[in-house]
Amino acid sequence: MKTRTMPAPIPYRFLFLLALAAALVLSLAGCNTISGAGQDVANTGHAVSHAANSVENHL
């Protein structure tokens, strides 16, 4: 019968650096998402404003 050896424990420093890297990647992705959403909202506002001005001119 073979005895199983325990895997080497993962050092806490490695886990900390891995968590830090994941947080950095997620925060950078979040910045791009928020920026894109802001541009979409601004473009929608400009389109609504243009449509309202167009209707006002036709009345």
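The values are calculated or read from the model by the stated rules, or taken from the named source; none is laboratory data. Treat the numbers as computed from the prediction; the structure is a model and nothing was measured. What goes into the accessible areas is simple: the full protein's heavy atoms, side chains included, and nothing from ligands, DNA or RNA. Shrake-Rupley method; radii C 1.70, N 1.55, O 1.52, S 1.80 Å.
Here are some notes:
- Here Val41 sits with roughly 100 square angstrom of accessible surface, probe radius 1.4 Å.
- Sulfur and carbon atoms: percent of accessible area, the chain [1.4 Å]: 69
- Where the Cα pairs of segment 1-55 fall when distances are cut into 5 Å bins, in %: 4, 15, 9, 10, 10, 8, 9, 7, 6, 6, 4, 4, 3, 2, 2, 1, 1, 0
- Think of a 1.4 Å ball rolled over the protein heavy atoms: the chain then has 100 Å² of accessible area per residue.
- Degrees separating the helix 12-58 axis from the principal Cα axis of the chain, which is the longest one: 10
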